[in-house]
Amino acid sequence: MKKLILLIAVIFAGLSISFAQQRGGGGRDNSTPEQRAQKEVEKLNEKLALNQAQKVSVYKYALESAQAQNELFKNAGGDREAAMSSMKDLNTKKEAKIKAILTPEQLPKFEEFQKENKGRGAGRGR
């Protein structure tokens, strides 16, 4: 009986690890640019309470940036540093566009959101 319980526990642990890896426990996010743009709109809306026009604009800017990032990685030819530098430029331009459509009340919340995200993403490099 003890062996059966141990066997079930080992199988459960193995399945848990397997599912965690499938959900993004490492590796690159394989979502489409459209999915990444929509996710960004949802996150910003949660923090900033965007109006409909702002949601449309943020989606447009995020989609342009995500599509350009895809192209960068396709054309990087293994030069990860150059791709990352170009991505930083894309993100800076996107953030400037987003800031331009925010209200004065939303700007401090947006800047706080950026700080949280930059701190969270700092440990992702390999």
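The values are calculated or read from the model by the stated rules, or taken from the named source; none is laboratory data. Note that the structure is a prediction, hence the values are computed from the model and not measured. When we count neighbours, we look across all protein chains shown, and the Cβ atoms used for this are built from the backbone with ideal geometry, even at glycine.
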Against the condition closer than 18 Å to Ser31 by Cα and assigned to a helix (DSSP H, G or I), how does Lys43 come out, does it pass?
yes
Taking Asp79 as meeting all but one of (1) over 20 Å from Lys118 (Cα atoms); (2) among the charged types (D, E, K, R); (3) modelled with pLDDT of 80 or more, write down the number of the exception.
(3)
Cβ-Cβ below 6 Å, separation at least six or inter-chain, first residue in segment 51-72 and part of a helix (DSSP H, G or I), second among the polar types (S, T, N, Q): which pairs?
Leu72/Ser86
Could you list, in sequence order, all residues of segment 68-88 that are at negative phi, of a type outside the set (A, V, I, L, M, F, W, C) and either in contact with a strand residue (DSSP E or B) (Cβ under 7 Å, 6 or more places away or on another chain) or loosely packed, with under 15 Cβ neighbours inside 10 Å (or both)?
Asn70, Glu71, Lys74, Asn75, Asp79, Arg80, Glu81, Ser85, Lys88
Looking at segment 26-63, which of its residues are under 18 Å from Ala83 (Cβ atoms) and either over 12 Å from the mean Cα position of the chain (by Cα) or of a type in the set (A, V, I, L, M, F, W, C) (or both)?
Gly27
If a residue must be within 13 Å of Pro33 (Cα to Cα) and within 15 Å of the chain's Cα centre (by Cα), how many such residues does segment 64-92 contain?
7
